[in-house]
1. Which one of Met272, Met43, Met147 has the biggest mean-square fluctuation once the chain is modelled by GNM with Cα springs under 10 Å?
2. Where is the GNM fluctuation largest for the chain (alpha-carbon springs, 10 angstrom cutoff): Pro304, Pro87, Pro25?
3. Between Val270, Gln250, Ser188, whose Cα lies farthest towards the positive end of the dipole of the chain when Lys and Arg beta carbons carry +1 and Asp and Glu beta carbons carry -1, centred on the Cα centre?
4. Can you bin every Cα-Cα distance in segment 188-323 into 5 Å intervals starting at zero and give me the percent of pairs per bin, rounded to whole numbers?
5. Mind checking the log10 I(q)/I(0) for the chain at q = 0.10 Å⁻¹? Debye, one equal scatterer per Cα, no solvent, two decimals.
6. Among Gly203, Gly181, Gly108, which one shows the highest mean-square fluctuation when the chain is modelled as a Gaussian network with alpha-carbon springs under 10 Å?
7. Between Phe258 and Lys117, what is the label-point separation in nm under the 7 Å Cα-to-beta-carbon projection?
8. Mean Kyte-Doolittle hydropathy of -0.5 or higher plus an axial Cα length of 27 Å or more: which whole DSSP H helices in the chain meet both?
Amino acid sequence: MTNQLTAYQNFMDLAIEEFKLPTSPAQLYEPINYFLSIGGKRMRPILTLMGSELFSGDYRRAKHASLAVELFHNFTLIHDDIMDAAPLRRGKETVHSKWGENIAILSGDTLLIEAYKQLNHYPSELLGKLISVFNQTAIEVCEGQQMDMDYETATNVTIDQYVQMIAFKTAVLLGCSLKMGAIIGGASESDAQDLYDFGINLGLAFQIQDDILDVYADINKFGKQVGGDILANKKTYLLLRALEDADAFQKEKFQQLFSESDQQLKIEGVKMLYSALDIENKAIEKMNYYHDLAIEKLNHISLPTEKKQPLYNLADFLLRREH
């Protein structure tokens, strides 16, 4: 799997290197070039390539759609960093930190427009279908971001609302990436939809896994602070499930811990409550539920198993990140 992903990543890195923007005004375009150059796993555009290869045997057909996905994703990251007041992205200074918020907003907007321009490379019989799924996804990502911001201060967020939020904020772009590749590859509508649903459920499983890793990961392997969600009182699947299952005494303890200033005491206290409520296992069960739904959708696609094997491998690869 790693060799396959490396080949796709190399293809995308070259495509981004060949992607040329005007040089003037420099204050608009330099931030875009800077942000694209700091890399990332390119997982979403890779899914577009894989969707095309699945049905046509040729991932190169999806080059422009994969670029559209990557440019759109980077647009959302630039704007998310502004909203989160984040100083770093992928270990580098964020665009708004380096150039200011106004330039970051304009550069992000330009990336969104450039994403749509990439889709113009496809003939009209494909373009309408691609634009339709891309538009739906763009709106849902914005809706998901708004839900996330609303839930920061809401006191009665349900698990169903949380799942809807992560579906829109994270999972729909995975589904869109795969479906656009499938459309370019000549898939039937039902197969393209099953591949989209595979991506949605895989994205949900991946996000719940992220919630789990934030609490239980090995700090030397996770790559970011363990317990960060706890310190921020972030409404994750784990916290919402714990609050749903807790008795009155445990709920009171959670409320006390939300305002605890000692970081270590806060993390340890929440983890003790999670342990008493068996939250890690319940979250793993939910993650596996969405993973199984994803595999069910992949099974349903009318292609031989060997053709779908790279996607089975990918689903397994994504959910084997270490605690």
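Every read-out reported here was derived from the displayed coordinates using simple, explicitly stated rules and does not represent laboratory data. Model, not experiment: these values are computed from the prediction. Neighbour counts are summed over all protein chains in view; Cβ atoms, including those assigned to glycine, are modelled from backbone coordinates with ideal geometry.
1. Met272
2. Looking only at Pro304, Pro87, Pro25, the largest GNM fluctuation is found for Pro25.
3. Ser188
4. So the P(r) values, bin by bin, are 2, 10, 18, 18, 15, 11, 9, 7, 5, 3, 1, 0.
5. Debye output, listed in q order: -0.62.
6. Of the options given, Gly108 has the highest mean-square fluctuation.
7. 4.7 nm
8. Flagged H segments are 63-84, 101-119, 124-153, 189-216.
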